[in-house]
Structures are given as structure tokens and as C-alpha cells.
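Structure record follows, encoded as C-alpha cells.
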Amino acid sequence: MPARKTDDTPPTFEAAMQKLDAIVAKLEDDKLPLDEMLARYEEGVALARFCGEKLEAAEQKVRLIAKQAGGSVALEDFNDREEE
């Protein structure tokens, strides 16, 4: 089930990862009040879920693209494809 998109959810995976990195840095700093730490943690969980869903959708697209003519799906390591 896809997560609800909130107004503050970044529009791209990359933007979400940058925001998540910033949140982690703030949480590691240990200088935030507890209430703000909890709010940042909650935001980070939502961003992590958003990123996970984006990655899962990308994996599904890769599976569709890799589908062979016979109808089977060949999951290949991306590194192997670069060497061809």
C-alpha cells in the first residue's frame, strides 16, 4: 500500500534521500529537544518509507524491461550488463 504523499514529501527519490541525510545528521548531533527529535524521527521514517516504495517501483520496472521473449524474467546484476 503506497504511503500518503504529504505536502512536505520531496518530489523525487534523490530529494528525499538528501532530506533524510539531513535529518539523520540532526539526530546524530544530539542537541535537539526531545519533542523535536521525535518529530524529525517520524519525518525520517516517512521519508525512508517513501524511498523504499520508489526503489520497489524501480525494481518492478527493471523486471518488466528484463522480461525475455519467452515470457520468463531474467533478473541480472547491473554490473554484468555494463560489461557487455
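Of all residues in segment 43-77, those satisfying the criterion of being of a type in the set (A, V, I, L, M), modelled with pLDDT of 80 or more and in contact with a helix residue (DSSP H, G or I) (Cβ under 7 Å, 6 or more places away or on another chain) are Leu47, Ala48.
Taking first residues from segment 30-47 that are under 13 Å from Asp8 (Cα atoms) and partners that are loosely packed, with under 11 Cβ neighbours inside 10 Å and not aromatic (Phe, Trp, Tyr), the Cβ contacts under 8 Å between residues at least 6 apart in sequence or on separate chains come to Glu43/Asp8; Ala46/Thr6. The set of residues in segment 19-47 being surrounded by 15 or more Cβ atoms within 10 Å (Cβ to Cβ) and either of a type in the set (Gly, Ala, Ser) or in contact with a strand residue (DSSP E or B) (Cβ under 8 Å, 6 or more places away or on another chain) (or both) consists of Gly44, Ala46.
The values are calculated or read from the model by the stated rules, or taken from the named source; none is laboratory data. Note that the coordinates shown come from a computational prediction; the quantities given were computed from them, not determined experimentally. Note that each Cβ is placed from the backbone with ideal geometry, even for glycine, and that neighbours are counted across all protein chains shown.
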